[in-house]
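As structure tokens, the structure follows; a few thoughts come after it.
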Amino acid sequence: MKQILNYIDKSFNVPPRDLKMIIREFHSQMHKGLSGKTSSLKMLPAYVDRPSGREKGRFIALDLGGTNLRVLELELKGKGQIRLIAERKFVLQKTHISTNAESLFDFIAGSVKNFIRAQKIGDDKKIALGFTFSFPMKQTGVASGKLIHWTKGFSAKGVVGKDIVKLLKYSLLKKGLVNIRVAALTNDTVGTLVARAYKDQACDIGVILGTGTNACYRERVAQIRKFKDKRAHATHMLVNIEWGGFNKLERLPYDLELDALSTNPGEQVLEKMVSGMYLGEIARIILKDLIKRKILFAAGGCFSFNAKDNFKTEYMSEIEGDRSKGLRGVARALKRLGVSRATLEDKILVRKICKVVSMRAARVSAGSLAAVVTKMDPHLLRKHTVAIDGTVYEKYPGFARNIRVALRELFGRKNSRIRITLTKDGSGRGAAIIAAVATK
Ligand code: ADP
Ligand code: MG
């Protein structure tokens, strides 16, 4: 028993030496990706730079994140101010995400139609729309891009390799929405960076820690070697790293088991260690193993840990956030899984497993973030604002603090030059801002 617990402790630990290795490997993969060589980091040019903060107008934003579809109407007021006029959420069903292009895009267009009706936006008025589509895309312009592959459990057929804006336009036309102009295509990291940069010119990194994980940053166009279309006027461009794909990380047997059960085996190695879609699943696999060895719940087994995705990241949050003496919150979470007679030792052990899994996630995220900052500014001579969004960062107890601790270990006092700001709903606001930049 001691042995296996020691193994878990040790193998999930990410000491400073490993953080430094992540940084080195990240830099090497980033360089390769920028040069067009094979790399686990795609380094995709976003065809947009930071906004000035002076952009104005009314826009529709569409946000397809992973869990929900949101439609928003926003007014950019210039001077970094944005007013949210209206917002509606539409829940994605399994059929939408796993059937085909038509089912997915007709659903999206239908949601836009519902929204426009409710907002009483007439057919006579032209309106520009920004679309945040948070999957790896090869963009060829600010309003065109092809899906490279699905992530986050999506599998709709007939989308990979297709231009997302064309698919959306086609479905919008079918619904008779002729007054909408799809002006911008982006992803949530770029949207988040742009939303923060609209009022904070020090912002040069956008990060998502939600269902999936990814980041983007501001790069000199001259550094994007693979980029032939170096337009003279642009000195900088945002680059979508697609860091969820980073694969220079040591995987444990638990990670391999998770991977084998996933919809995309072998891909998204970093994402599968870090993001909300997977943290609960890693913990479940470990807990299932401990139950099988009779180290956990020896008084009575529990089968609900045998089924994929049964242990949610939300439960981990609840479990780690439990500060009560008898761990009543842990008991509550376990009860939902059919464990009614957990001993105090059981509860402590469950919480400990959640802790090692979330700690590794936070530290691997911190190492990745540190790599991106030092790619732009190796000696941290400037201040950098990191705009970060996603429920894992926002709600997971201790996650943000653990990232900060790791940054301090890496940079000492200079860590304070990296300012991390929770930037909620950048994926909505950012899409509107990019649409404004594009229609200017
Ligand atoms: P998206 O990435 O789809 O835009 P979010 O940023 O809201 O959406 O992230 C949703 C993910 O966050 C869910 O997949 C879930 O795993 C995770 N999650 C939800 N609630 C919590 C919570 N309280 N603590 C930690 N993670 C959570
Ligand atoms: Mg999101």
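The values are calculated or read from the model by the stated rules, or taken from the named source; none is laboratory data. What you are looking at is a predicted structure, and each value in this text was computed from that prediction instead of being measured. Neighbour counts are summed over all protein chains in view; Cβ atoms, including those assigned to glycine, are modelled from backbone coordinates with ideal geometry. Side chains are part of the model used for accessible areas, which takes the heavy atoms of the whole protein and leaves out ligands, DNA and RNA. Shrake-Rupley method; radii C 1.70, N 1.55, O 1.52, S 1.80 Å.
Taking Cβ atoms as reference points and 11 Å as the exclusive limit, the residues near Arg58 contribute a net charge of +3, counting Lys and Arg as +1 and Asp and Glu as -1.
When Arg293, Arg88 are compared by accessible area of protein heavy atoms, the largest-first order is Arg293, Arg88, using a 1.4 Å probe. The string of couplings for the range 101-108 from the Karplus curve (6.51, -1.76, 1.60, θ = phi - 60°) is 4, 4, 4, 5, 6, 5, 5, 4 Hz, one whole number per residue in order, with x for Gly and Pro. Legend: residue pairs Lys94/Lys162; Lys77/Lys175; Lys199/Lys248; Lys113/Lys308, Cα-Cα distance threshold 28 Å; pairs beyond threshold, Lys77/Lys175; Lys199/Lys248; Lys113/Lys308. Mean residue ellipticity, 222 nm, helices only, the chain: the sum of -39500 (n - 2.57) across DSSP H runs of n ≥ 4, divided by residue count and rounded to 500, is -13500 deg cm²/dmol. Note that the range 75-84 has calculated 3J(HN,Hα) couplings of 10, 8, 9, x, 6, x, 9, 10, 10, 8 Hz, one per residue in order, obtained from phi through the Karplus relation 6.51 cos²θ - 1.76 cosθ + 1.60 (θ = phi - 60°); glycine and proline are x.
Between Arg382 and Lys228, residue separation times 0.36 nm minus the direct Cα-Cα distance comes to 52.5 nm.
For the chain, the longest principal axis of the Cα atoms and the long axis of helix 276-292 meet at an angle of about 20 degrees. Between the range 236-255 and the range 46-113, the C-alpha centres lie 26 angstrom from each other. When only alpha carbons are used to place a centre, the range 336-414 and the range 415-432 end up 17 Å from one another. For the chain, the share of accessible area belonging to carbon and sulfur comes to 51 percent (1.4 Å probe, ligands and nucleic acids excluded). Averaging 1/r over each pair of different alpha-carbon atoms in the range 85-187 and inverting the result gives 14.1 Å, the Kirkwood hydrodynamic radius. Using the Karplus relation 6.51 cos²θ - 1.76 cosθ + 1.60 with θ = phi - 60°, the per-residue 3J(HN,Hα) values for the range 21-29 come to 5, 4, 4, 4, 5, 4, 4, 5, 5 Hz, with x marking Gly and Pro.
Here's how it looks for Val48: its modeled amide H is under 5 Å from those of Leu238, which are all 5 or more places away or on a different chain. Pairs over the 18 Å Cα-Cα cut-off, from the set Lys20/Lys272; Lys355/Lys395; Lys42/Lys146: Lys20/Lys272. A Gaussian network model of the chain, with springs between Cα atoms under 10 Å, assigns the largest mean-square fluctuation among Leu238, Leu337, Leu147 to Leu337. Gain on full extension, evaluated as 0.36 nm per residue between Ser155 and Arg408 minus their Cα-Cα distance, stands at 87.1 nm. A simple spin-label model places the labels of Lys162 and Arg341 5.5 nm from each other, with each point 7 Å out along Cα-to-Cβ. Kirkwood Rh and Cα-based Rg: tell me the resulting Rg over Rh for the chain, rounded to two decimals. Here the Rg-to-Rh quotient is 0.98.
Take every DSSP beta bridge whose two residues both sit in the range 127-278; close to 70 percent of them are antiparallel. Accessible surface area normalised per residue over the chain is 43 Å², counting heavy atoms of protein chains with a 1.4 Å rolling probe.
Per-residue packing, averaged as other Cβ atoms within 10 Å, sorts the ranges 172-182, 278-288, 361-371 into the order 361-371, 278-288, 172-182, beginning with the highest.
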